[in-house]
1. Kindly provide the set of residues from the range 70-114 that are hydroxyl-bearing (Ser, Thr, Tyr) and either in contact with a Ser or Thr (Cβ under 6 Å, 6 or more places away or on another chain) or modelled with pLDDT of 80 or more (or both), ordered by number.
2. For the range 148-170, which positions are buried (at least 21 other Cβ atoms within 10 Å of the Cβ) and free of Cβ contacts under 8 Å to residues at least 40 places away in the same chain?
3. Would you be able to say whether some residue in the range 391-405 is outside any loop (DSSP other than H, G, I, E, B), at pLDDT 90 or above and crowded, with 17+ Cβ neighbours inside 10 Å?
4. Restricting to the range 341-393, give me the number of residues that are more than 22 Å from VAL429 (Cα to Cα) and touching a residue at least 24 places away in the same chain (Cβ under 8 Å).
5. For the range 37-51, give me the residue count where each residue is loosely packed, with under 15 Cβ neighbours inside 10 Å and of a type outside the set (Gly, Ala, Ser).
6. Do we find a residue being over 30 Å from LEU128 (Cβ atoms) and in a helix (DSSP H, G or I) anywhere in the range 148-167?
7. So which helices (runs of 4 or more DSSP H) stay within the range 189-295 end to end and still have 1 or more residues that are at pLDDT 75 or above and acidic (Asp, Glu)?
Amino acid sequence: MTSLRTLSFSLLTLTLLSVSGIAAAESANFNYDETRLVNLYDAYLKKHSSDSYLEKRILDERGRVRSEAANEVKQITTPATAFDLNDKTVLPKALDQQRSVVAALEEQLRVHTVDLGLLKDEEGEYYLSPGSATGSNTDASRLTKNYPELLARRAILEERIAAIDDALPLQKSRQTGLEREQIFDQFAFLFSFLSYIGIIVIGAVIERTMRRMIVGRIEEKGKRYLISKILTATIYSIITLWIVSKIFSDHPNALASLAIVGAGLAVALQDVVKDVVGWMIIAQRRLFTLGDRICIGHHTGDVIDVGLLRTTMLEVSVAGPFTAHERTGKTLYLPNSLLLKEPLLNYNTTSDFMSVEMQVTVSYESDWKKAETILKETLAKETAGYAEQARRQQRKRTALFYTAWEVSPPEVHVDLAESGILFTLKFTVPIGKRRSVVTNLARSILEQFGAQYDVNLAFNTIRIIGEKGDLLPRT
């Protein structure tokens, strides 16, 4: 049993010696002579009774130990180099230095805790257990010569541990603050970029609100158009100047960086940049919105999505003799950069209606005046409501544009053709409903003409003059 204890304390002694070597290297600034504290504990133990005077002397001496320990901790926590945290370039260095301080304190705390544990084990083994030799040095594995020396060393370690425990939370808090500051600094560019985007969005909302609430109330079209342009240019100029000044204020070297980055992006991502610029033009000028029917180059369709790089449309066929403007069921994905080099046609800018024509020919033998009256009445009955709706939409949507064009009511024009009298019906229909409206109109015209004996539709004829001068009509 004794040999086992001897082996155990030998291992503990080796651990203590190695740890003590580290502690000595890290706490070379701790200058305290433990002799006084050893003498006080020796005198106190020899009294064999409570002595208030010696107890006060021991507390005072422990206070001196605490003061020395506090000075030791202060020297460790005092930075070797003072950094200006307002300078973001030195923040990583300050954080590394603070981490070193915290690591040194934690290492000393660990070493002192191990030392204190060894002393407690020795105290229980040699000084507090029954039959222990409290005043002799009979075991070579012991760390102290006598009990007063053990108590003195134990008191010193407790005071040093208490000093580190007092300082360590504050140092960890400082480290956490620096780490948080570093994280914020790493995302500072993102925050700045989002703030610029927010300013642009707010400016766009203000500009559109002012155009709608102020400029839209001006009756005179020329003045309204001029003020609208001046307002838009002023607001976006202020936003641009503010963003540029903010960038150069926060980042003095941004000009060179922007030039280098811009040149690289212009070469490597020129198509993507063009698509983004096209999207910005669409969003800022509201060239079209979801649901509008547009034509870019030779592509026509209904817009169903406007993305950062692509505009998605449902294809519409405009070919053929009737130009029916019917959907084909195909989907078009067009790059926004097409807007920079291809003409754009928006069918819904002024209204959701389109103007179409329909031709009807009656024979020269027919009562053309009656035919004209029938056509006007039928046309007004079938399409007059569409014209009024288109007129209201046109006035509302072109309030900020300079335009003298007005939606005209249904009209019937008369012309002479080879086969008869040609009537051209001009009217307004909803976009995408040309076939259905023309079908209903044609049915009504056929019914009206069928009820009249003196109004007949014309068709191509050939007249042959016979030998006796008779006219022989043949079809």
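The values are calculated or read from the model by the stated rules, or taken from the named source; none is laboratory data. None of these values were measured; they are calculated from a predicted model. FYI the Cβ positions are ideal-geometry reconstructions off the backbone, even for glycines, and counts take in every protein chain you see.
1. Going residue by residue through the range 70-114, those that are hydroxyl-bearing (Ser, Thr, Tyr) are 77-78, 81, 89, 100, 113.
Across the range 70-114, the qualifying residues are THR77, THR78, SER100, THR113.
2. The answer is LEU150, and nothing else.
3. Going residue by residue through the range 391-405, those that are outside any loop (DSSP other than H, G, I, E, B) are 391-397.
Within this subset, residues satisfying the condition of being at pLDDT 90 or above are none.
No, the conditions are met nowhere in the range 391-405.
4. We begin by selecting, within the range 341-393, every residue more than 22 Å from VAL429 (Cα to Cα); these are 341-343, 362-371.
Next, only the ones that are touching a residue at least 24 places away in the same chain (Cβ under 8 Å) stay: 342-343, 362-368, 370-371.
Adding up the residues that qualify gives 11.
5. Final tally of qualifying residues: 5.
6. First pass over the range 148-167, keeping only residues over 30 Å from LEU128 (Cβ atoms): 167.
If we keep only those that are in a helix (DSSP H, G or I) too, we end up with 167.
Yes, the range 148-167 contains a residue that is over 30 Å from LEU128 (Cβ atoms) and in a helix (DSSP H, G or I).
7. Working: elements: 221-250, 254-268, 270-285.
Those helices (runs of 4 or more DSSP H) span 270-285.
Residue-by-condition table, conditions (1) modelled with pLDDT of 90 or more; (2) assigned to a strand (DSSP E or B); (3) assigned by TED's automatic domain parsing to the domain that holds ASN440:
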site	(1), (2), (3)
ASP305	no, yes, no
THR311	yes, yes, no
VAL316	no, yes, no
ARG327	no, yes, no
LYS330	no, yes, no
TYR333	yes, yes, no
VAL356	no, yes, yes
ALA371	yes, no, yes
